Each structure stands twice: as C-alpha cells, then as structure tokens.
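Colleague: Could you have a look at this structure, given as structure tokens, before my questions?
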Amino acid sequence: MSGEMKVKHLRVMKRANYLYSLLIATSFLSLPLPTQNRVMAQQAMTSDHLDLMPVPASLQIQTGRLPFTRSFNVAIKNYTDDRLRAGIARMLTRIAGRTVLTLSPELATDESAAILVVQCERAGEIIPSLGENESYSLEINDKQARLVAPTVVGALRGLETFLQLLQGDRDGYYLPAIKIQDQPRFPWRGLLIDVARHYEPIEVLKRNLDAMAAVKLNVFHWHLTEDQGFRVESKKFPRLHTLGSDGLFYTQDQVREIIAYARDRGIRVMPEFDIPGHSTSWLVAYPEFGSAPGPYKIERGAGIFEPALDPTREQTYKFLDTFLGEMAGLFPDAYMHIGGDENEGKQWDRNPQIQAFMKEKGIKDNHALQAYFNQRILKILQKHHKKMIGWDEILHPDLPQDAVIQSWRGPASLAEAAKKGYNGILSAGYYIDLVLPASQHYVADPIPADASLTPEEAKRILGGEATMWGEWVSPETIDSRIWPRTAAIAERLWSPRNVTDIEDMYRRLSVISRQLEELGLTHEKNYGMLLRRLTASENTGPLRTLASIVEPVKQYRRYQMRPQTMLSPLTGLVDAARPDSETARQFNSNVDAFLADAPRFTLFRSDLEHTLDEWQAASRRLGPMIDQSPALQEARPLANNLSAIAEAGLEALSYLSSGSAPAAEWSQKQLARLDEAAKPKAALEFVVITSVRRLVIAASELPQLRSMTPAEWNKRVTTMASPPAPAKP
Ligand code: ACM
C-alpha cells in the first residue's frame, strides 16, 4: 500500500468514525421490553398483518372485504388534472400486472358505479414544496373504496396505500374493509443519490423515483458534483461538464425530464453542488478558482481530497454567481444544497495569499474562512431566490438562521442546530452506504426520545434523508444498496414515532421489496444476474447458497479490504451479496427458537438440519465451480469456511439431540474454526457465525442444563457465544 493510499484510507475512515459512534448510541434506543409489548399491542391493533409500509397515522380495520375483479374502475370527483389521471393510470397498470387481470383504462363517469372514487379538492403546489399537504383518507367497505385528499399529492400518496392493501386468497383478490386517515410525521423525507462517484443513467433515477413514491418519500437530493465527477450540463461554463465528467453528465433537457417525472409523483428535486471542498472535478476546467495552482485531474480514488475553491478571490464569487444563477433557473425547488462537508483546508493553509487575506480580515481559522465563504454564497443564493442548505460543517455563529443544516454527524448535532434556531434534517443513522441492516436505520429517530428539545425546537427538525453515496454502486447494483432497506427509513420519517416493532417491519419489508420489482427496480433480479455472470452458468445454486449468508463488510471497511477505484468494475461477489441477509435472519431466528426449546431441542430442528445440510452440499460443489471461474477465486476461502460452519452446526445439532455432551477438544476445535470463518474475506463476512457458535457452546454446556433452568442455561450460552464488542474503527 502506498503512503498516499494509506492516507486516503484513513480519510475514508473519518466519515465512518462519526457514524460509528452514532450507531453505537442509537443501538441503546432499542426499547425496554414493557414498552415494546405496549407498542406491539398497539400495532397488532393498527396494522394487523396488513402489508402497509409506511404504516399510516391512523387505521381501523372494519369487517368485510371489497372484491377486486376485472370490472374494477375508478371515478374522479371534484378536482382533476393530468397529474392525477397519470397517477391513476400508473396504479391501474401496476395492479393489473400484479393480478393478471385485464382492466379498463377508462375512468367511470358515474361515481356510484365506480369501485374506487378519488375525491380531490385542488392541484396542490405547482412545484412540489416543503410542507405541502400530503394527507389523505381512505375508506373501503364491501361495495366501494373512497380516497379523499385536499391535494393531488395527497391523492397520489393514498393510491400507493390502496395498492399495498390488495390481498388475495382462494376467492380471488380483494381489499379489506378499512378506515385510514394518514399524513406524514415529517415534511422532509428524502433520498440522496450521489451520481458523481458513479454516474447513474436517467432510467436508474426514474425507477428510483418510482420506488420513492411507492414508500411516500418526497425529496430527491441529487448530489451532482464531486471530486470524481461534474454531472450537470452548464451552458454558461460548458468546460465544467465536458472536462469534468468523462462525458457522463445530464443535459439540461434530461434534468428537466427528471424534475417533471419527480413532480408527477409529488417529489421535490433538490440539487447539491458541493463547495468549497469535494470540488476537484470543477477545477479540471477552471484551475484558477482553486486554492493551489493545479493542474487538476478527475479524482479516481475514494476519500477526502485537498482541492478547494479559493474563497478569497472575487473572481470565484463572480463565477459561482453565474453558475448557481444558471442552476437556480434550471432547478425550481426552493432549496439549493451547497455541500460544505469535509473541507480540511489543507490547500488554504499552504496558500500565502489566502493566509494574508485571513490576517487582514481577522479570520481566525479555516472554519471561519468557510463561514465567510458561506455568507457570500448565501447572498448569491438569496439573489437567485433560493434557500441554502448544507452539511453540519456550515454551522457557525455567523451563519444566518434561514440556512438549513443536514446532519451527518448525529442527532446531537442536529439538536444543537435546532436549539440555535436552525431548521435541520437528519442523515446520520440513514447512511445506507454503510451496508448495515435495516433494523439499525429503523431505530434512528430524527427526534430521539431523550432529545431535550422544546416543542418549538422540535418543529425545526424537518425530517431526514437516506444517503446513497456512490463510491461502490453501479447502475447494476445501486438498487440493491438502496432497496428494500430505504423503505424502513421512509417509514421512520412518515409513520408515528411509536411504530417500532422490528420483526413486523421486516415482515412488511419483504412484501414491499417484491412490489418494488413491479416498478422495474433491479434489487432482486440483478442478484441472480450477477451470480450467473460470476459462474458463467445458469446453475448458480451453490454460489447462491454461499452468497445468501454473507454480507459486505460494514462501515467503510470494504475499501481497506479490497481497494478499488472509481474505474473498477462493481461485479464481484461483494457486489452481488446483499446488505441485510433475509436467509441469515431466518436461520438465526430458528436457532433462537431451537435453543429456547431446551432440553427437548425439537423446535425447528429439522429446518436447521436441512439448512446446514444444504450449506455442506454447497461447500462441496463450490470448489469445482470456482475452478471454472477465475473471477470467483476470491470466494475460495469463504467456500472452505462454509464447510467448517456447516460441519460445526450439524455436529452440534446431533449432540444436542442425543443429549450427550461432546469432549472438550471438540468444542475448542469447532470454536477455533468458527473464529477463522468469522474473519472477513473478499470484503464479505458470514452473518450466521454467532448462531452456530451458540449451537457449539450449547452442546458443550449440556451438562449444566441439569443444574439450572432452561432459561438460565440459555442466557449463559448466549453470553458465552457473544462476539467481543467490536473495536472502534
Ligand atoms: C458526508 O458524508 N461527508 C456528508
């Protein structure tokens, strides 16, 4: 590893440090048991095994059902426009596709003869806006469904709920009789897509906008510029996109197309132009606006880089006034994001002219210099009728109060901003590029229960955004890094705060995940495609088995373990493996139930045996498969580990079933092999090891079962099998 690369690794880790401490903090938020029971009781009442995601604000199940047949039709009452008609047409297409029923595209002319009546009062904002009324009510009885909304956007939200209510049984499709009254908890519910580290064609953005609408997200945060790419056409400064993008940029017509597509779905489009740091790609064309002479090249690595705009020269502001003015005309949203993150000011420190400027103006450090820059930018944005938003780092005593803070450092930082009078949104806890399970994002609340905010301060917390940073995603893999986990974040931002049952969230998440495929999302289908490509074969079975119980390493360890650049293919096993393995979750839950059944050990025993047999068979067949496919070489140690895991599990099961404890050497040997298997390889890690350790320890602890209650014994086994607390990165 070169010195330079080592430094970059450290820098990549820096982002992780803040986020890691946050995640540790949020993991304590999991509710104590009595509270959890109360919440579950309430949810049993409200969601009652419906597959709604996000869970509506209020819901009452009635008796009866509305049959859904091919005579289904829709009438519109009161207000209508193209956006509403298009929303209904999309709903009809999706529901027809799901039910395989040919439905008439014609709207019913007679309200009393319609199965669904959509009653809407007005268009809503011409440009989707913060705080727009998104509420709706939906009442379904055994004859008719009635969706009532003040605005078309509310009606669109309600149509998504309608689609999620569809169920089927031997009598056909139907919707349950129900009364729903719904509105969001937070007005700002976003998804950031970084199209700069890796370019994403507009088809990718469109299908993700469809998915956002399906889970009621309403802000597409378009992270358009970075060290690694400048992705928007500028007619004023065409060298920006021609020299800074490898030819991979959005034309202004394409930008308008995306904005219209998002508007059709009630989604705001907020652009981000990250300055003064993260700006290498701008300086390829215009080194004169940088703080060092250049020349500059498009950055190919990952990390934090030194180039930063020169905040001391009038030329810089003149340029930004023209460029941001052009973008203000292109993007109709009220907000413009100026980034502001991770500028370490190294170029500023080394530039004598900048140092002289600071001295002359009494600017005491780089943070203050950036605040000076931000104030200048704020004036430019105000002139172009935009409100400013930026990352935590823009917070400074000199920052005017109408700026909005997007917090990636944690809820404490957001609360601090709210106390100082700033509006803010939370992204810490919603960093989906950390490849963490949905359950961890789900517990991160923009206003944690222990936040000591007055009601007025709490109101300044507008919501949150999931962030899809683009270092390790391609058009083929990005959907699987966003979905389905982001639906859990969407629920956190829409649903009442007491909707917190993780098991029920996962149950609904897997249903919603399949529905997202109706919209063309590739998070499921590309899994098989990537595995087929890796094996050069249709028969991916054994590799699929392996891939189903490993996950990409968490935080930002991937880069350290398997260094790549922005030019590297994202087609390895790590790119196929999912961030939140459903198979592993099922296995782990079966082991829980099996051990809780001590001393009988019958519950789920055959399921576990079957699964472990399958792992063993797969590990045998993987060797020859890897021999055939050089691209899979890096999976060989994982295949060997799989064999060890399966053997340990099967032997432990057999001891437990027979009630005879193994010799001490057996346990030591198995645990040592599991420790070896627990070490990540190819930037992948098994997520079933702790459960198999529990089985091994349970077998060796069988004699203790005679002298304690099964519950005490189980607790002892679980404690002994727990991995040591992870070291802080
Ligand atoms: C960030 O993650 N640097 C906003």
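The values are calculated or read from the model by the stated rules, or taken from the named source; none is laboratory data. Remember, predicted model here, so these are calculated numbers, not experimental data. Positions of Cβ are backbone-derived with ideal geometry, glycine not excepted, and every protein chain shown enters the neighbour counts.
Colleague: Determine whether the stretch 140-150 contains at least one residue that is among the β-branched types (Val, Ile, Thr), within 25 Å of Arg514 (Cα to Cα) and not in a helix (DSSP H, G or I).
Modeller: Let us first name the residues in the stretch 140-150 that are among the β-branched types (Val, Ile, Thr), namely 140, 148.
With the extra rule that they be within 25 Å of Arg514 (Cα to Cα), the set shrinks to 140.
Imposing the further condition that a residue be not in a helix (DSSP H, G or I) reduces the set to 140.
Checked the stretch 140-150: at least one residue is among the β-branched types (Val, Ile, Thr), within 25 Å of Arg514 (Cα to Cα) and not in a helix (DSSP H, G or I).
This table checks each residue for (1) within 22 Å of Ile88 (Cα to Cα); (2) of a type outside the set (D, E, K, R).
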{"position": "Leu147", "(1), (2)": "yes, yes"}
{"position": "Thr161", "(1), (2)": "yes, yes"}
{"position": "Tyr173", "(1), (2)": "yes, yes"}
{"position": "Arg207", "(1), (2)": "yes, no"}
{"position": "Asn218", "(1), (2)": "yes, yes"}
{"position": "His221", "(1), (2)": "no, yes"}
{"position": "Arg231", "(1), (2)": "no, no"}
{"position": "Glu257", "(1), (2)": "yes, no"}
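Residue-by-condition table, conditions (1) of a type in the set (A, V, I, L, M); (2) closer than 19 Å to Met212 by Cβ; (3) within 16 Å of the ligand (Cβ to nearest atom):
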residue: Ile432; (1), (2), (3): yes, yes, yes
residue: Leu436; (1), (2), (3): yes, no, yes
residue: Ser439; (1), (2), (3): no, no, no
residue: Tyr442; (1), (2), (3): no, yes, no
residue: Ile447; (1), (2), (3): yes, no, no
residue: Ala451; (1), (2), (3): yes, no, no
residue: Glu457; (1), (2), (3): no, no, no
residue: Ile461; (1), (2), (3): yes, no, no
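Colleague: Testing Gly528 on (1) farther than 30 Å from Leu695 by Cα; (2) buried (at least 22 other Cβ atoms within 10 Å of the Cβ); (3) not acidic (Asp, Glu), one condition comes back false. Which one is that?
Modeller: (2)
Colleague: Consider Ser279 against the criteria (1) surrounded by fewer than 24 Cβ atoms within 10 Å (Cβ to Cβ); (2) in contact with a Ser or Thr (Cβ under 8 Å, 6 or more places away or on another chain); (3) not β-branched (Val, Ile, Thr): it satisfies all of them except one. Which criterion is unmet?
Modeller: Failed condition: (1).
Colleague: Still on this structure: Tell me the strands (runs of 3 or more DSSP E) entirely within the stretch 399-512 that contain at least 2 residues that are in contact (Cβ under 8 Å) with a residue 60 or more places away in the chain.
Modeller: Details: elements: 404-407, 423-426, 461-468.
Here the list reads 404-407, 461-468.
Colleague: I need the helices (runs of 4 or more DSSP H) fully contained in the stretch 1-99, keeping only those with at least 1 residues that are at pLDDT below 95 and either away from the ligand (no atom under 16 Å from the Cβ) or over 30 Å from Glu471 (Cβ atoms) (or both). Walk me through it before giving the result.
Modeller: Working: elements: 3-27, 33-46, 82-99.
Per the criteria, 3-27, 33-46.
Colleague: Picking from Ala584, Ala598, Ala547, Ala593, which residue would you name as being under 17 Å from Glu634 (Cβ atoms), of a type in the set (Gly, Ala, Ser) and modelled with pLDDT of 95 or more?
Modeller: Working: Ala584 fails: under 17 Å from Glu634 (Cβ atoms); Ala598 fails: under 17 Å from Glu634 (Cβ atoms); Ala593 fails: under 17 Å from Glu634 (Cβ atoms).
Only one candidate qualifies: Ala547.
Colleague: Looking at Glu121, is it touching a residue at least 12 places away in the same chain (Cβ under 8 Å), farther than 24 Å from Ile512 by Cβ, part of a strand (DSSP E or B) and among the acidic types (Asp, Glu)? Working first, answer last.
Modeller: On the way: touching a residue at least 12 places away in the same chain (Cβ under 8 Å): yes; farther than 24 Å from Ile512 by Cβ: yes; part of a strand (DSSP E or B): yes; among the acidic types (Asp, Glu): yes.
It is true that Glu121 is touching a residue at least 12 places away in the same chain (Cβ under 8 Å), farther than 24 Å from Ile512 by Cβ, part of a strand (DSSP E or B) and among the acidic types (Asp, Glu).
Colleague: Now for a different question. Among the listed residues Asp246, Asp253, Asp210, which satisfies the condition of being surrounded by fewer than 22 Cβ atoms within 10 Å (Cβ to Cβ), within 18 Å of the chain's Cα centre (by Cα) and not basic (Lys, Arg)?
Modeller: Asp210
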